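These notes are about the structure you will find just below.
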Amino acid sequence: MKQLRPRPASRPRTSGTRAPLALAVPALLAVAFLLLPLIGILTRTSWGELGTHLSSPGVVEALELSLVVSFWSLGLSLLLGVPLAWLLARTQFPGKAFVRSLVLLPMVLPPTVGGVALLLAFGRRGVLGPWLESTFGLTLPFHTTGAVVAATFVAMPFLVISLEGALGGLRPRYEETAASLGASPVRVFLTVTLPMVAPGLIAGAALTWARALGEFGATITFAGNLPGTTQTLPLQVYLLLQDRPEAATSVSLLLLVIAMAVLIGLRGRWTGSPRPAAAPGAAPPESEPSAAETAARVPAPDPAGERWALHAQVTGFNDLTLTASPGTTIAVVGPNGAGKTTLLRALLGLTPRAHAALTLGGSDVSGLPPHRRGVAWVPQDGALFPHLSALGNTAYGLRARGVPRAQARRSAQQWLDRLGVGTLAQRKPAEVSGGQAQRIALARALASRPRLLLLDEPLSALDQTTRARVRHTLRAHLEGFGGVCLIVTHDPVEAVSLADRVLVLDGGRALQDAPPAEVTRHPRSPWVARMLGRNAWPGRAAEGGLRLAGGGLLVVADPLPDAAEALAIIAPESVSVHRERPGGSPRNVWPGTVREITSSGSRLRLLITSDEAPDLIAEVTPQAAAELGLADGTPVWTSVKATEVTVVAL
């Protein structure tokens, strides 16, 4: 009996649009135009004499000189081009467009014109040439150093452009986080910026070296064609063409192979073709220590007994005064654009939009740069440095403050253990889950012993289960923190469970600063009331109740001062829904239409719109919804008793 074998899975076909003939033909002609010169070199090469040609004394001497010139040019390009690329990518200054044009100029300028320009600048009769010769005894034209200068002039733009693009794609939060951990700007550049833009730097360096190796026009114009001094390999090709064209072809093939090797090695980095990304290691499942283990791992108070109170006078977009005693956790809430992140960045000294006169523990740190303020920041995504392990990330702040490597790593391991991620110490950020990454980021911030801890929506990217676990861990460890912690959040559960106070911002101003229970009972912001799941209607006191901003009159039980502005808070469960106009005691009755039905735990939430009142959220049981026959578009009546309305004076 013949055994049936399963058919191999076929590769998915890539659907694509057939190229129009009017475009395909010119494209093929372009490919042929670029390919034929290469074919010409390959077909005309004397393969039998290739070794003889390449090993001749003149070629070897020119090759050695070319390598010397190209590597010196690469070093000079790195020395000058890396800072220039950083300046163009990271700062704003007058004349920036002009400087970028200067960088691009050697790429579009004919090389011989570049050589003439160099001669007029650094030649014996040039602008700087006589001064260089009289002061330093340095003569550039017709010297190897002149060949290096010419190669650098035409090749350095490749490095600057490649690195500037890489720096532009690197979000500043990594560098800002490193600064908040105590790293100086130079340390940030060397330990965070350069490692993270290494692919762009390597690509630019390789292209710079290849371009310097093949430079001809500027070299022969500025440095001349002196054997053993300035006669590089391209110049040797030019000379061989006159007497020994076969040898010139062999040397041209060598330069072609070098150029192709560089381009093949850089595929996806310069040409734009995507390179397959390495699949990160599978993240281990989330694990959370037990309650007893968590309690045991809570860090003890600082042995020196240091406690840092907070006082900040913030001006600019944000205009508020913030004071807190040591150990206080403040939840910062508000709508998008309220100034929450701006407040954190002002405390860090990272934004021109707002300025904070900041005092921590009695010391005024307002005039200090971010890395000397003792303010640690955990961005929304944690901003773990991808090139460092969890242990290296956690030890980063300690190392930046001069702690010896072994001591810093021991302390970092202890913090990772305290937060239940000690077994992940050797893993890179791509190899851990979201919840584990957040705990590592928190361990990194706490390990640096900050005076002020800023958390920008630290749990927003996590799923509900992981968020509850990390919130439990965070609450336990904030209890032992000797400074003040500010947490930006949009989650009412986080605000209530983590914070001692809730600061409500809107338009950069503080609308409310009170304990969570007070904010929950009497929110002074419509946005906060809605965040807590309640209806919030602003209005002005009038005869008989509250004249709503959107029109209509809301009858309330509590008397209000005449013309006073107030906010009416109505709990969704206090809204009654009927299919017919209700009778009885309700004073507030409106017709409406069900526009949306969503699930909220064991109950259903209804969004009801009306021409006589603002949009209203009501909660009913699934059974009541079925009995009333509710669905999208169902006409209903809603009612609210005056005694169920809470009025907060604004």
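The values are calculated or read from the model by the stated rules, or taken from the named source; none is laboratory data. Fair warning: this is a prediction, and the values are worked out from it, not measured in the lab. Neighbour counts run over all protein chains shown; Cβ positions are idealised from the backbone, glycine included. When the accessible area is computed, the model is the full protein with side chains, heavy atoms only, and any ligands, DNA or RNA have been set aside. Shrake-Rupley method; radii C 1.70, N 1.55, O 1.52, S 1.80 Å.
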Looking at the stretch 463-538, what helices (runs of 4 or more DSSP H) fall wholly within it and have at least 2 residues that are at pLDDT below 80? 464-478
Count of residues meeting criterion [touching a Ser or Thr at 6+ places or on another chain (Cβ under 8 Å), of a type in the set (V, I, T) and farther than 19 Å from R547 by Cβ] in the stretch 580-618: 4
Would you confirm, using the coordinates I've provided, whether S433 is open to solvent by 20 Å² or more (accessible area, probe 1.4 Å) and within 30 Å of H522 (Cβ to Cβ)? no
Please state which one of T112, T145 is part of a helix (DSSP H, G or I), in contact (Cβ under 8 Å) with a residue 40 or more places away in the chain and among the hydroxyl-bearing types (S, T, Y). T112
Looking only at the stretch 352-387, and only at residues there that are polar (S, T, N, Q) and not in a strand (DSSP E or B), the one that is surrounded by the fewest Cβ atoms within 10 Å (Cβ to Cβ): S366
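Tell me the residue from T465, T473 that is on the phi < 0 side of the Ramachandran plot, among the polar types (S, T, N, Q) and in contact with a Lys or Arg (Cβ under 9 Å, 6 or more places away or on another chain), please.
Selected residue: T473, the only one of T465, T473 that is on the phi < 0 side of the Ramachandran plot, among the polar types (S, T, N, Q) and in contact with a Lys or Arg (Cβ under 9 Å, 6 or more places away or on another chain).
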Exactly one of (1) open to solvent by less than 50 Å² (accessible area, probe 1.4 Å); (2) touching a residue at least 24 places away in the same chain (Cβ under 8 Å) is unmet by R449. Its number? (1)
Any residue at all in the stretch 531-554 that is open to solvent by less than 20 Å² (accessible area, probe 1.4 Å) and under 13 Å from S639 (Cα atoms)? yes
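How many of the residues in the stretch 580-609 are part of a strand (DSSP E or B) and either out of contact with any helix residue (DSSP H, G or I) (no Cβ under 8 Å at 6 or more places or on another chain) or not basic (K, R) (or both)? So that I can check it myself, show each step before the final result.
In the first step, residues of the stretch 580-609 are kept if they are part of a strand (DSSP E or B); the result is 588-600, 603-609.
Next, from what is left, pick out any that are either out of contact with any helix residue (DSSP H, G or I) (no Cβ under 8 Å at 6 or more places or on another chain) or not basic (K, R) (or both): 588-600, 604, 606-609.
Residues in the stretch 580-609 being part of a strand (DSSP E or B) and either out of contact with any helix residue (DSSP H, G or I) (no Cβ under 8 Å at 6 or more places or on another chain) or not basic (K, R) (or both): 18 in total.
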Which ones in the stretch 578-608 are within 18 Å of W537 (Cβ to Cβ) and surrounded by 14 or more Cβ atoms within 10 Å (Cβ to Cβ)? P586, R587, N588, V589, W590, P591, G592, R605, L606, L607, I608
The condition from (1) open to solvent by 20 Å² or more (accessible area, probe 1.4 Å); (2) outside any loop (DSSP other than H, G, I, E, B); (3) not charged (D, E, K, R) that A557 misses is numbered (2)
Is the stretch 221-232 home to any residue that is of a type outside the set (A, V, I, L, M), touching a residue at least 60 places away in the same chain (Cβ under 8 Å), touching a Leu at 6+ places or on another chain (Cβ under 8 Å) and within 30 Å of P199 (Cβ to Cβ)? yes
Selection status of A412, free of Cβ contacts under 8 Å to residues at least 60 places away in the same chain, over 23 Å from R171 (Cβ atoms) and open to solvent by 30 Å² or more (accessible area, probe 1.4 Å): no
Could you check how many residues of the stretch 427-454 are hydrophobic (A, V, I, L, M, F, W, C) and either outside the structural domain of A324 (by the TED database) or part of a loop (DSSP other than H, G, I, E, B) (or both)? 1
When V186 is evaluated against the numbered criteria (1) part of a helix (DSSP H, G or I); (2) open to solvent by less than 30 Å² (accessible area, probe 1.4 Å); (3) under 26 Å from T394 (Cα atoms), which criterion, by number, is the only one it fails? (2)
Those residues that are over 13 Å from T221 (Cα atoms) and either assigned to a loop (DSSP other than H, G, I, E, B) or in contact with a Lys or Arg (Cβ under 7 Å, 6 or more places away or on another chain) (or both), I need them from the stretch 116-129; list them, please. R124, R125, G126, V127, L128
Residue among V484, V496 that alone is among the aliphatic types (A, V, I, L, M), closer than 22 Å to V332 by Cβ and open to solvent by 20 Å² or more (accessible area, probe 1.4 Å): V496
Considering only the stretch 249-267, I want to know if a residue exists there that is in contact with a Leu (Cβ under 7 Å, 6 or more places away or on another chain), at pLDDT 85 or above and open to solvent by less than 30 Å² (accessible area, probe 1.4 Å). yes
Residue list for the stretch 249-269, restricted to those being assigned to a helix (DSSP H, G or I) and either touching a Ser or Thr at 6+ places or on another chain (Cβ under 8 Å) or without any contact (Cβ under 8 Å) to a residue 12 or more places away in the chain (or both): T249, S250, L253, V257, M260, A261, L263, I264
State whether one or more residues within the stretch 524-537 are in contact with a helix residue (DSSP H, G or I) (Cβ under 8 Å, 6 or more places away or on another chain) and on the phi > 0 side of the Ramachandran plot. yes
The stretch 129-171 - residue that is more than 26 Å from L65 (Cα to Cα) and charged (D, E, K, R) and, of those, least open to solvent (accessible area, probe 1.4 Å): E164
Look through P538, P492, P516 and report the one residue that is of a type outside the set (V, I, T) and within 16 Å of A338 (Cβ to Cβ). P492
